[in-house]
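Notes follow the structure.
Every read-out reported here was derived from the displayed coordinates using simple, explicitly stated rules and does not represent laboratory data. These numbers were taken from a predicted model, which means no experiment stands behind them. Here Cβ is always computed from backbone atoms with ideal geometry, including for glycine, and neighbour counts include all displayed protein chains.
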C-alpha cells in the first residue's frame, strides 16, 4: 500500500500559551510562558502515524542571537490560529526531511536568529521551497513572509493553492481535537481552543490610552473650534472625531513631565493635545542623534570632554529644556577661505553669557580666530572678554546672564575706536591688548600658543563698520560682516550668533567623576558623570543626584526612587529602574536583557548607528524610541506601549494592548499587535500592518503600503502615494488634498 505522507503547517498567535518541554535558560521544563510574537512550524507525518515536529527558534530567547532547530513546538504551543495539512509525494517527503535535518542544504542559516530576516517565519518559507511550493522570483529570491507569524495565514494558503498543493485539511484542528473560533474581547479575535474546553484566558492588558473606532460615523453638526479643543483636553481626549476617539488615562494630558508629554505627543503625531503647535520635545531620539556624542575607547584623551558634554546635553533634555539661545562674538578668517564654525553638535562648553556657568555652544573651527581681549591672565574665561554683546559687562549673579552692553560684536569693537576713524589699529589704545584666539584643541580652554597677538598674525587693522547679513553658516547665524587686513590682504570678519543651549551648568570633580548641576529658570537637575574606565556600580540615590552617566566600563546604573535618566557609556551596561518614571539611554553595546524597568512608565532611547533589538515587555518599558541603526522594537506583552522609530530602517511591532506606533525617518515596517493601535507612517514610505483589534493609521509622505486587519480601521491619506488593502472588518478611508491627487 502506498504511504500517505503529509505535512501540517501551523501558526500560533502572539500571546499563545507555551509550555516548556525541556530546561532552557532560566526556564525549567513545565514552566508556562506566553509567546511574545507568535510562532510558525510544521509537523511531518511519515504515513505510518509517526509525526515529527520541526521548528526554528532563538536559542536564548532574544531577538538577535544564536538559532536552534527544535522538535518541541507541537507539544509546547497550546493554541494556534491556523493549521493546514497537505499531501506529499515520496520525493517531497524525502526533500522536506532532508531540509529538516540540514537546513543549510536549502539555503537557510540555522545558526543565527534574527527576528526581522531569519526567524521561524523564514524557516517555514524555506521549507516550502524544498518541496517546490515557494519558487524563486526573477531576482533569485524566495518569498520570506511577514515578520509577525499570525499575519502569514492568508499568504501561506494562497501559496499552497496557487502552486497546486493537495490540501487535505484547511480547518481548525490539532492533535485530533477540532477547534472553534472564539472571540475574546481583550485579546486576539481568533484564539483557538478544543471544543468543550475552556482553558485559561490571558489577563486583560493595561493601556494608557483608549481607542474607539466608529465604523458608522454620523455627519458633524458643529464647527471644530478652540473651545471644543480645550473641552476635549479637559475630558481626556487626545483626538475626538466622528470616526474615532483617542482618550488618555492617568491624567497624562495635564502633566508637563517628560514621560507624560512624550506619550501624549506621540499619540497625536507631534501635535500637543489642545494646541496647534509642534511639541519640540516629541522627538528626543532625533535630538539626541544630533547632540549626543558616543564615548570613545579607553585611553582616548577626548573621552572625558565628550562625556561631560553628553551629561550636559542629557541633563537639559531630562528637564525639558531643549531650547536654544544665541551669542555673537567676532570671528576672523585667518585662512583666506572664509570664517567657519562648528555647530552645537560638535560644540564646546563655555561661559557664553558671563553668568559664571558653562553652556553648550557652537564654536570657531581650528582655522578661524576669535577676537578677544587679554586681561593679563592669559585666559579667556567668558563672553565679556570677547567682542560680543556681553563685552565689558557686569557678571551675572547666581547663574543669571551678565549685562548686555552692545547690539553685537561690531558694536563692541566700535566702542574701542578711540579716534573714531572707523578702524581699530595701532593708533587705538586697545590695540596691544587685543588677541586672536585660535582654539586648535577645540575645547574652549586656552592652551599654550593659542592666544596670538595681531602683529604675530600680520594683522594691521580691523574695520568697525559692518553690513547686516541674514545667513546660516555651519549651523550658526551670521548677523553682520566686515573686513580686516592681514598680510596686506583683505579678509572677512563675521559677527556670528553661535547656536547655544540656555541651560547653565556647573561642574565639580567628585571621586572618579564629575557632579553636573544644570539650571534653567526654576528647574535644577543634578547628575553624576563617571570618567572611569573600569566596571563600577553607580546608585543615584546614594550619590544624591537625579541622573547617572556611566563611563567606558561595564557599569550597573541604579535609578533614584523618584525617577532617573540612566545613560550607559561604551561598555555593556545594566540598567536598574525604580518606582519612578525612568529613562534609559542605550546603545548596541548593551545587552537588552539587562534592562530592568521595575515600575513606573519607563522609556528607552536608543543612540548610535548600530541597530538594537528590544523587547519592551521583557525590559519593563512603556516608551521606546529608535536610533540611527536598523532597530527592531516589539511590545512583546499585554500592556499598551508607545514606540517611535529613529533614522534607520526600523521594525516596530505592537502587542496585546492599545499601542502607539510612529515611523521614523527611514523605511519602516510597522506591525500592529492583537489589540488596537494608532499608527503614524514616516516620511520615506513604510509598510504598515493594522492591529487585529483595529487601527487608526495616518499615511506619511512616501509610498506607503497599508494593509488592514480583521478589525475596523480608519486610514487617513493625502500625502505621498499610499497603497491600501483593507482586508477584513469595516474600513474608513479619509482622503485629504485635491481631486486630481486621486485620479
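Gain on full extension, evaluated as 0.36 nm per residue between residue 59 and residue 242 minus their Cα-Cα distance, stands at 61.1 nm.
I need the calculated FRET efficiency for the pair residue 87 and residue 33, taking r as the beta carbon distance and R₀ as 22 Å, to the nearest 0.05. Could you put the intermediate results ahead of the total?
Details: r = 34 Å, r/R0 = 1.54.
Efficiency at R0 = 22 Å is approximately 0.05.
The stretch between residue 214 and residue 51, if pulled fully straight at 0.36 nm per residue, gains 54.0 nm over its current Cα-Cα span. Computed from label points 7 Å out along Cα-Cβ, the spacing between residue 537 and residue 510 is 1.9 nm. Shown is the FRET efficiency for residue 725 and residue 473, computed with R0 = 45 Å from the Cβ-Cβ distance and rounded to the nearest 0.05: 0.40.
When the square roots of the Cα gyration tensor eigenvalues are ordered a ≥ b ≥ c, the ratio a/c for the stretch 5-194 is under 1.5, which makes its shape rounded. Fewest-first ordering of 90, 492 by other beta carbons within 10 Å of each residue's beta carbon gives 90, 492.
From least to most packed, judged by other beta carbons within 10 angstrom and beginning with the fewest, 353, 713, 425, 212 follow the order 212, 425, 353, 713.
Can you put 680, 82, 133 in order, fewest other beta carbons within 10 Å first?
Least crowded to most crowded, the residues run 133, 82, 680.
Specify whether the C-alpha gyration tensor of the stretch 382-456 places it in the rounded, prolate or oblate class, a ≥ b ≥ c being the square roots of the eigenvalues: rounded for a/c under 1.5, otherwise prolate if a/b is larger than b/c and oblate if not. Oblate shape, in that a/c is at least 1.5 and b/c is the bigger or equal ratio. Length available on full extension from residue 101 to residue 598: 0.36 nm per residue minus the Cα-Cα distance, which gives 174.7 nm. Between residue 26 and residue 257, the distance separating the two model label sites (each 7 Å from Cα on the Cα→Cβ line) works out to 2.6 nm. Assuming R0 = 22 Å, what is the FRET efficiency of residue 460 and residue 432, from their Cβ-Cβ distance, to the nearest 0.05? Once the sixth-power term is evaluated, E becomes 0.95. Taken along the Cα-to-beta-carbon direction at a fixed 7 Å, the label points for residue 111 and residue 400 span 6.8 nm.
With an a/c value of 1.5 or above and a/b not larger than b/c for the gyration tensor axes a ≥ b ≥ c computed over the alpha-carbon atoms, the stretch 1-50 is described as oblate.
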